[in-house]
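So the structure is just underneath, and the comments pick up after that.
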Amino acid sequence: MERRQQIARIREARALITAAIAECRSPQIETILKSADAELHWALWNLGEPVPLRPELEYGEAVPEGRTRAR
Amino acid sequence: MTSTRLALLGARAGASRFWNEYTETMPREELDALHLKRLRALVEYAYELSPFYRGKFDAASLKPRDIRTIEDFKRRVPLTDKSEFVGLQEAAPPYGPTLALPPEFVVHHCETSGTTGVPLSIPYSMSDTVRYGESWVYGFWALGIRPSDSFYFAFSWGNFAGFWSAYWGARRLGCRVLSGGGLDTKGHIQAILRMRPTVLISTPTFALRMAAVAAEMGIDLSQSSIKYTYHAGEPGPTALPAMRAQLEQAWGAKAGELLGIAEVDAMAPGCPEGDGVHVNEMNVFSWSMDPESGAEAGEGKIGENIVTSYANTAQPLLNYRTHDLVLRRPSCPCGRTWSKLEGAVLGRTDFMLTVRGTNVYQSAVENLVAETPGVGSAYELVLTREGDNDVMTIRFEPSPEHAADPASWDGIGQQLSDRIHAALHVHLRVRPAAPNSLPRYELKTKRMIDQRPKEFRRALDR
């Protein structure tokens, strides 16, 4: 598969997984989905894509609710 | 009933010479463009999430938006040093303000050995452990190790990052992992004979120690199931060609080496050419600095390796001083474009002696020690201060065939002294030591014993 096409498919897969994470009510399934997304994020990183440093930064959960970021 | 074909990798991927050909052979201009994007993202990340970096940047009147080029990054982002982190962690253990993620993101904790000082605490998030392990795999794959291989880990599972990360790498590659945790040297040998692993993971000196003990047991490990030995934690077969010969003969196996720094990454897996390591430029950005002037050391010049890790997001390291002296090359016959460090680490900025105007590097001395006939694998380099001069004394044990012949020891020492003078143009003292009198180590072998007064040495502990 051509690289650009592979990247596009991985991005599509991430979009589907991210949507599923947002709807999760099971800690088990959310954990598994986040793990899958982390692997896909890592695949994009190693395909030379300029993705953020951590996958959570794309769904805004690096800092859990109720905590403040370092200022 | 349908039959299912089980395979860890498809035929095309399995036949690749590279773990990731696209990035490992990426042209320099593209690599640098990618680095710039990632460095800018990392600066933003560190400033936003790490109190340590926010304070450091603010003190330097630096904002993330000020970093527009790689030169900006090298020049404007303040250098960091292990001693800074250790001091902050000591004041507020375990991580102080160096943590960039909420503590619940930390899934694994390691520490540096702290042999002469306070250990550095190293936090890893889950994805950090994946990234760190991945670095090993580039080297495993380049050496010929495949998912069908099985790894024997000849070490105790303490807080030592090197072999935890090798374990993460072996899992990533899909290999079988056999743990030697808790066994003594003879127990490791017996376990290898019983379980028949194909890859040995250990420090290089411990691999030689195992071979020597096996010989005493009447066992020739070159006839064992081991096809590859892979090493880290101290200068090994890449830094010391003579050690490569010893390892490969003792084990009848190909020896590989990775240059890792516990708090940074398993950052530079071995080159298949055997004469250096390649910086994993997907995980690390690095450049060389002249330790005297602070200016960038040009191509072909020895300089201190300054590294920035994309792998450790729990405790970011930006423009981190490694105190490792390296010689960087931009290209390699193996086809990798990732920066090559010839001979891995050539020496330490804090263990570089200047004797009558000549720089003496630890690895250069060790190479000569290892290739001198009659010198055993146990030796140490003792630094003392006499008057205004640093003095290095080499204490060595004779090899087993000379152990029972003390009359030959001084001659062996003289031969070593002559070789050092011929190669390095300095006179170092050489003293024989009785067989089995020098200490043995399972993990990092301490070769350099610094007995100089504190004011004459740097405080850094690795």
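The values are calculated or read from the model by the stated rules, or taken from the named source; none is laboratory data. Owing to the predicted nature of the structure, the values given are computational and were not obtained by experimental measurement. So basically every Cβ, Gly included, is an ideal-geometry build from the backbone, and we count neighbours across all protein chains shown.
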- [ ] Answer yes or no: is there a residue in region B:449-460 that is buried (at least 18 other Cβ atoms within 10 Å of the Cβ), at pLDDT below 90 and not in a strand (DSSP E or B).
- [x] yes
TODO: Just give me the residues in region B:74-121 being in contact (Cβ under 8 Å) with a residue 12 or more places away in the chain, among the aliphatic types (A, V, I, L, M) and over 25 Å from B:Leu39 (Cα atoms), in sequence order.
DONE: B:Val118
Open item on the list: Taking the conditions exactly as written (in the same structural domain as B:Tyr320 (by TED's automatic domain parsing), assigned to a helix (DSSP H, G or I) and surrounded by fewer than 17 Cβ atoms within 10 Å (Cβ to Cβ)), does B:Glu134 satisfy them or not?
Closed with: no
Open item on the list: Quick test for you: out of B:Glu48, B:Glu30, B:Glu44, pick the one residue that is surrounded by 12 or more Cβ atoms within 10 Å (Cβ to Cβ), within 12 Å of chain A (Cβ to nearest Cβ) and within 18 Å of B:Asn283 (Cβ to Cβ).
Closed with: B:Glu30
Task: Residue that is surrounded by the most Cβ atoms within 10 Å (Cβ to Cβ), among those in region B:194-252 that are at pLDDT 95 or above and aromatic (Phe, Trp, Tyr) - done: B:Tyr230
Open item on the list: Suppose we keep only residues that are within 14 Å of chain A (Cβ to nearest Cβ) and charged (D, E, K, R) within region B:118-160. Which one would you say is nearest to A:Glu39 (Cα to Cα)?
Closed with: B:Arg131
TODO: Would you check if B:Arg12 is surrounded by fewer than 20 Cβ atoms within 10 Å (Cβ to Cβ) and within 14 Å of chain A (Cβ to nearest Cβ)?
DONE: yes
Task: Checklist (1) in contact with a strand residue (DSSP E or B) (Cβ under 7 Å, 6 or more places away or on another chain); (2) within 13 Å of B:Val345 (Cβ to Cβ) applied to B:Glu248, failing item - done: (2)
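Take the conditions small (Gly, Ala, Ser) and not in a strand (DSSP E or B) and apply them to B:Ala211. Does it pass?
So B:Ala211 passes the test.
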TODO: Among the residues of region B:98-109, write down those that are touching a helix residue (DSSP H, G or I) at 6+ places or on another chain (Cβ under 9 Å) and either at the interface with chain A (Cβ under 8 Å from one of its Cβ atoms) or crowded, with 21+ Cβ neighbours inside 10 Å (or both).
DONE: B:Thr98, B:Leu99, B:Ala100, B:Leu101, B:Phe105
- [ ] Check region B:3-13 and report whether any residue there is assigned by TED's automatic domain parsing to the domain that holds B:Ser148 and in a loop (DSSP other than H, G, I, E, B).
- [x] no
Open item on the list: Looking at the structure I just gave you, is B:Lys37 in the same structural domain as B:Pro330 (by TED's automatic domain parsing), basic (Lys, Arg) and crowded, with 16+ Cβ neighbours inside 10 Å?
Closed with: no
Open item on the list: Being assigned to a helix (DSSP H, G or I), more than 8 Å from chain B (Cβ to nearest Cβ), hydrophobic (A, V, I, L, M, F, W, C) and out of contact with any helix residue (DSSP H, G or I) (no Cβ under 9 Å at 6 or more places or on another chain) narrows it down to one residue among A:Leu33, A:Leu16; which is it?
Closed with: A:Leu16
Task: Identity of the residue in region B:85-97, more than 14 Å from chain A (Cβ to nearest Cβ) and of a type in the set (Gly, Ala, Ser), that ends up surrounded by the fewest Cβ atoms within 10 Å (Cβ to Cβ) - done: B:Ala91
- [ ] Just need a number here: residues in region B:253-298 that are in contact with a Pro (Cβ under 9 Å, 6 or more places away or on another chain), surrounded by fewer than 24 Cβ atoms within 10 Å (Cβ to Cβ) and of a type in the set (Asp, Glu).
- [x] 2
Open item on the list: Looking only at region B:78-96, filter to residues that are in contact with a strand residue (DSSP E or B) (Cβ under 8 Å, 6 or more places away or on another chain) and not charged (D, E, K, R); which one of those is farthest from B:Val118 (Cα to Cα)?
Closed with: B:Leu79
Task: B:Leu101 vs. criteria in a helix (DSSP H, G or I) and in the same structural domain as B:Asn319 (by TED's automatic domain parsing) - done: no
Open item on the list: Considering only residues that are surrounded by 15 or more Cβ atoms within 10 Å (Cβ to Cβ), in contact with a strand residue (DSSP E or B) (Cβ under 9 Å, 6 or more places away or on another chain) and not β-branched (Val, Ile, Thr), which ones fall in region B:174-193?
Closed with: B:Cys175, B:Arg176, B:Leu178, B:Ser179, B:Gly180, B:His188, B:Ala191
Task: Among (1) assigned to a helix (DSSP H, G or I); (2) under 20 Å from the mean Cα position of the chain (by Cα); (3) surrounded by fewer than 22 Cβ atoms within 10 Å (Cβ to Cβ), the one test that B:Gly169 misses - done: (3)
Open item on the list: Is it the case, given these coordinates, that B:Trp141 is part of a loop (DSSP other than H, G, I, E, B), in contact (Cβ under 8 Å) with a residue 12 or more places away in the chain and either in contact with a Ser or Thr (Cβ under 9 Å, 6 or more places away or on another chain) or over 24 Å from B:Cys271 (Cβ atoms) (or both)?
Closed with: no
Open item on the list: One residue is enough: does region B:152-165 have a residue meeting the conditions touching a Lys or Arg at 6+ places or on another chain (Cβ under 7 Å) and in a helix (DSSP H, G or I)?
Closed with: no
